[in-house]
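Following: one structure in structure tokens, then a few remarks.
The values are calculated or read from the model by the stated rules, or taken from the named source; none is laboratory data. Remember, it's a predicted structure, so these values are computed and weren't measured experimentally. Cβ atoms come from the backbone with ideal geometry, glycine included; neighbour counts cover every protein chain shown. Accessible surface areas use protein heavy atoms only, side chains included; no ligands, DNA or RNA. Shrake-Rupley method; radii C 1.70, N 1.55, O 1.52, S 1.80 Å.
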Amino acid sequence: AAACAAIYKVLLKFWVDEASALSITLLLSTIATLNLVLLSGAMLLLLRFRVESLIWESIPWTFLCCSALLSLVFNFLINFGIAYTSPLFISLGTVLGIPLNAAFDFLLRSSPVGALKAAGCALIILGFGLLASPWNQHTPRAAALEDCRSDEDAARTHLEQTIQP
């Protein structure tokens, strides 16, 4: 699943370089329509052969509708963010959702925080902090990229001075 998500994010950035809100909405609508068309048949078959059962009265509709709305907003913001920033940046942001969800579960639903969940959240936050820290900006690769940018700026300035009388 993680590999498919990474491929999706990179291909989205490749195909939709600078997207508008309308194009992201159209993309999500297309994905939703494909899900409905392709997966509803499988669900109907599972219901028909009694592999699954569906009791309409026991479905928590309020929770389900709120979850669907939040999922829609989340996916819109993720896809919009990928189109305007880097897929890596968005991936880091979504990873931080894991500790935030654990915190909301603890605060709103009084869900217990076990040792593994706490350790996982701490490691995620630590990893994000290390990646976002200024220490990470002074690596040899970052310095090489900065040198390339300064050489490119100098060449552009020289070219502009040469062309203008």
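Details
- Two-decimal log10 I(q)/I(0) for the range 46-122, as the Debye equation yields it once each C-alpha is a single scatterer, q = 0.11, 0.14, 0.15, 0.21 Å⁻¹: -0.50, -0.75, -0.82, -1.01
- Cα-based shape type of the range 1-51, given that a ≥ b ≥ c are square roots of the gyration tensor eigenvalues and the cut on a/c is 1.5: oblate
- Accessible surface, 1.4 Å probe, highest first, among residues Leu88, Leu27, Leu130: Leu88, Leu130, Leu27
- Solvent exposure of the range 1-93 as accessible area per residue, Å², 1.4 Å probe: 78 Å²
- Of the solvent-accessible surface of the range 1-83, computed with a 1.4 Å probe over protein heavy atoms with every protein chain present, carbon and sulfur atoms account for 76 percent.
- Oblate is the label for the range 68-109, because the ratio a/c of its alpha-carbon gyration tensor axes (a ≥ b ≥ c) is 1.5 or higher and a/b is not greater than b/c.
- Among the chymotrypsin sites (Phe, Trp or Tyr not before Pro) within the range 17-79, those in coil by DSSP and having at most 11 neighbouring Cβ atoms inside 10 Å are Phe49.
- Rough spin-label spacing in nm, given labels placed 7 Å along Cα→Cβ, for Trp61 and Thr33: 2.7 nm
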